[in-house]
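Here the structure comes first, spelled out in C-alpha cells, and everything after it is commentary.
The values are calculated or read from the model by the stated rules, or taken from the named source; none is laboratory data. Since the model is a prediction, treat every value here as computed from it, not as a measurement. Don't worry about glycine lacking a Cβ; one is built from the backbone with ideal geometry, like all the others, and counts go over all protein chains shown. Side chains included, ligands, DNA and RNA excluded: accessible areas come from the protein's heavy atoms. Shrake-Rupley method; radii C 1.70, N 1.55, O 1.52, S 1.80 Å.
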Amino acid sequence: MKTCLVVDDSSVIRKVARRILEGMDFAITEAEDGQEALDACQRELPDAVLLDWNMPRMDGYEFLRTLRRMPGGDRPKVVFCTTENEVAQIARALHAGADEYIMKPFDKDIVAAKFQEVGLV
Amino acid sequence: MTPFDYDYLRKLLKDRSGLVLSADKEYLVESRLLPIARKNSLGSLSELVQKLKGPGSETLLVAVVEAMTTNETFFLRDKVPFDHFRNSIVPALLKAREAKRKLRIWCAAASTGQEPYSLAMCLKDMGPRLDGWRVEIVATDLSMDVLDKAKAGVYSQFEVQRGLPIQMLLKYFTQTGETWQISSEIRSMVQYRTLNLLGDFTSLGPFDLVFCRNVLIYFDQPTKIDVLERIRRITEPDGFLVLGAAETVVGLTDAFKPVQDQRGVYAPNGAVPAKGAGGFAMPATQRLAANFGAPR
C-alpha cells in the first residue's frame, strides 16, 4: 500500500483529504505544518505528499525546498493543494520541485486525476 | 409528472437525440428539466410536456434535448486514449501521410471543448515533428450551448483542474481572475459545428482519426451499429477510431476491429460497409441485411 503524508493546518481539509486518499488505497499520515511534516519525512519518506502552502511555523514552500535537499528527498511525489492560485505562485512551486498543483476548492476527481498524472495511481 | 408524460419525453429524446432513458431515470429527467419549466414560467413537468406538444415549441424542444444530453467532460479524460494518440496513432499517421502532410481528426461529441483542445495541445507538444503539416480538428456536438462555451475556451478553476496537468495549464492557458482561457493558437486549431449523430454526416469526411467517446453508451444497439458503420464510411482505410472505456465494436459490427494492446482504439476492417439509408431511417433489420450482403 502506498503512503501519503497530508500536510495542512486545517483539520477539516486533512479529514477530507484522508477520506479521498484512503478511498484510493493510500495509507495516510498527517502533519499540521511544514516542520511537523519534515520530522515525519525524517522518520520515514512517504510515496506522496499533499501539501498546503500557508501554514504556521514552516510553510509548504519552505518544507518542499528542504525536503528536496534531504537524502532521498527527491523521491516523494509532491502535490501542492492550496488557495494560492496565481500563475507566479504555481510556477514558483514547480521550480522548487512540486510535481503537481491543486487549487482549492478540490474534489475527489481532481485529486485522483492529479495523482494519476504523476504516476501514483 | 405522470407515466404518460415520462413516456412522451422518453420517446421525444430517443427520436431527437438517440438518448435512451430506462424506466428508472425519472429523477434525472426531473432534475434537468424542472429548471427549464421554471424558466418558461411553467408550473410542472406535465405543463412542460403539454407545451412541447403544442405548436411553436421548437425552441423549447432544443432546450429540453440540450439539457438532457450529458456534458460532463474532462481535459485528457481517462488519460490512456491520449497516451495512445501521442505514442502510437499520430506516429503511425505521420508515417502513412508523409507525402500528403495532412491530417484530419473528428471529435464526434466535443461537448464543451475539452477533448478537441486536449488533442490540439498534445499535437502542439509534439513540436517540430508537425512543422509543415496541415492538421484539421473538426469538433461537433448536438448542443449549440456547449459549442458556444467550447469556442470561447474559457473554463473555471474547477474545470481546468479536471485532468489537465499543471504544466499544460501554465503553457496553454491565460488566467483572468477566477477563469482560465485557452490560447488563441490552440483555439484556432479546432473548427466547431453543430451535428446530430443520428443525421447524415457523410459530408464531414474523410477522416484519419475519429474520437467518438462516451456517446454510444447512451444509444440502443441498432443505433450504435448504425452510427459505427456510418463512421466507418468516412474513416480512411488506414485510419483509427477511438471509443470510450465502456464502449466497444465487438459484438456490434465488424466494420472496425480492435487494435492489439491499445484499449479503446479500433482500425477499419476490410471494405467499407454497404451504404444504407444514410441516416437512421432504415430499420435495423434492413440495415443488418444490407451489410451482410456487402463485400468485405
Conditions (1) modelled with pLDDT of 95 or more; (2) under 23 Å from A:Ile110 (Cα atoms) -> A:Leu38 fails only (2)
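Return the residue satisfying two criteria in turn: it lies in segment B:77-115 and is among the basic types (Lys, Arg) and at negative phi, and of such residues it is surrounded by the fewest Cβ atoms within 10 Å (Cβ to Cβ). Reasoning before the result, please.
Step one: of segment B:77-115, the residues among the basic types (Lys, Arg) are B:77, B:79, B:86, B:95, B:97, B:100-102, B:104.
Among the residues that remain, those that are also at negative phi are: B:77, B:86, B:95, B:97, B:100, B:102, B:104.
Working: B:Arg77: 21, B:Arg86: 15, B:Lys95: 8, B:Arg97: 17, B:Lys100: 10, B:Lys102: 12, B:Arg104: 21.
Ranking the candidates gives B:Lys95 first.
Out of all the residues in segment B:62-71, is one or more in contact (Cβ under 8 Å) with a residue 60 or more places away in the chain, of a type in the set (S, T, N, Q), under 26 Å from A:Phe106 (Cα atoms) and open to solvent by 30 Å² or more (accessible area, probe 1.4 Å)?
Looking only at segment B:62-71, we keep the residues that are in contact (Cβ under 8 Å) with a residue 60 or more places away in the chain, and these are B:62, B:65-66, B:69-71.
Within this subset, residues satisfying the condition of being of a type in the set (S, T, N, Q) are B:69-71.
Those left that are additionally under 26 Å from A:Phe106 (Cα atoms): B:69-71.
Okay, now just the ones that are also open to solvent by 30 Å² or more (accessible area, probe 1.4 Å), so B:70-71.
Yes, because at least one residue in segment B:62-71 is in contact (Cβ under 8 Å) with a residue 60 or more places away in the chain, of a type in the set (S, T, N, Q), under 26 Å from A:Phe106 (Cα atoms) and open to solvent by 30 Å² or more (accessible area, probe 1.4 Å).
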Can you name the residue in segment B:159-169 that is at the interface with another protein chain (Cβ under 7 Å from one of its Cβ atoms) and touching a residue at least 24 places away in the same chain (Cβ under 8 Å) and is also surrounded by the fewest Cβ atoms within 10 Å (Cβ to Cβ) among such residues?
B:Pro165
Condition first: out of contact with any helix residue (DSSP H, G or I) (no Cβ under 6 Å at 6 or more places or on another chain) and within 19 Å of B:Ser143 (Cβ to Cβ). Now tell me which residues in segment B:35-51 satisfy that.
B:Pro35, B:Lys39, B:Asn40
Scanning segment B:144-158 for residues that are farther than 25 Å from B:Asn196 by Cβ and touching a residue at least 12 places away in the same chain (Cβ under 8 Å), which turns out least open to solvent (accessible area, probe 1.4 Å)?
B:Tyr155
Looking for whichever is outside any loop (DSSP other than H, G, I, E, B), away from chain A (no Cβ under 14 Å) and in contact with a helix residue (DSSP H, G or I) (Cβ under 9 Å, 6 or more places away or on another chain) here; the options are B:Ile186, B:Ile231. Which one fits?
B:Ile186
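Please indicate, with yes or no, whether at least one residue in segment A:109-121 is among the basic types (Lys, Arg) and either at the interface with another protein chain (Cβ under 9 Å from one of its Cβ atoms) or within 20 Å of A:Cys41 (Cα to Cα) (or both). So that I can check it myself, show each step before the final result.
Quick first cut of segment A:109-121, residues among the basic types (Lys, Arg) only: A:114.
Narrowing further to those that are either at the interface with another protein chain (Cβ under 9 Å from one of its Cβ atoms) or within 20 Å of A:Cys41 (Cα to Cα) (or both): A:114.
Among the residues of segment A:109-121, at least one is among the basic types (Lys, Arg) and either at the interface with another protein chain (Cβ under 9 Å from one of its Cβ atoms) or within 20 Å of A:Cys41 (Cα to Cα) (or both), which makes the answer yes.
For segment B:217-253, enumerate the residues that are of a type in the set (D, E, K, R), open to solvent by 20 Å² or more (accessible area, probe 1.4 Å) and within 18 Å of B:Val138 (Cβ to Cβ).
B:Arg233, B:Glu236
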Cβ-Cβ below 6 Å, separation at least six or inter-chain, first residue in segment B:198-216 and on the phi > 0 side of the Ramachandran plot and open to solvent by 20 Å² or more (accessible area, probe 1.4 Å), second among the polar types (S, T, N, Q) and at pLDDT below 95: which pairs?
none
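Criterion first (under 17 Å from the mean Cα position of the chain (by Cα), open to solvent by 20 Å² or more (accessible area, probe 1.4 Å) and free of Cβ contacts under 8 Å to residues at least 60 places away in the same chain) does B:Arg193 satisfy it?
Yes.
Condition check: among the β-branched types (Val, Ile, Thr) and in a helix (DSSP H, G or I). Does B:Val20 satisfy that? Can you show your working first?
Numbers: among the β-branched types (Val, Ile, Thr): yes; in a helix (DSSP H, G or I): no.
Against the criterion (among the β-branched types (Val, Ile, Thr) and in a helix (DSSP H, G or I)), B:Val20 does not qualify.
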Tell me which of these B:Leu52 doesn't satisfy, since it passes every other one: (1) open to solvent by 20 Å² or more (accessible area, probe 1.4 Å); (2) modelled with pLDDT of 90 or more.
(1)
Condition test on B:Asp141, is it within 13 Å of the chain's Cα centre (by Cα), assigned by TED's automatic domain parsing to the domain that holds B:Arg104, of a type in the set (D, E, K, R) and buried (at least 20 other Cβ atoms within 10 Å of the Cβ)?
yes
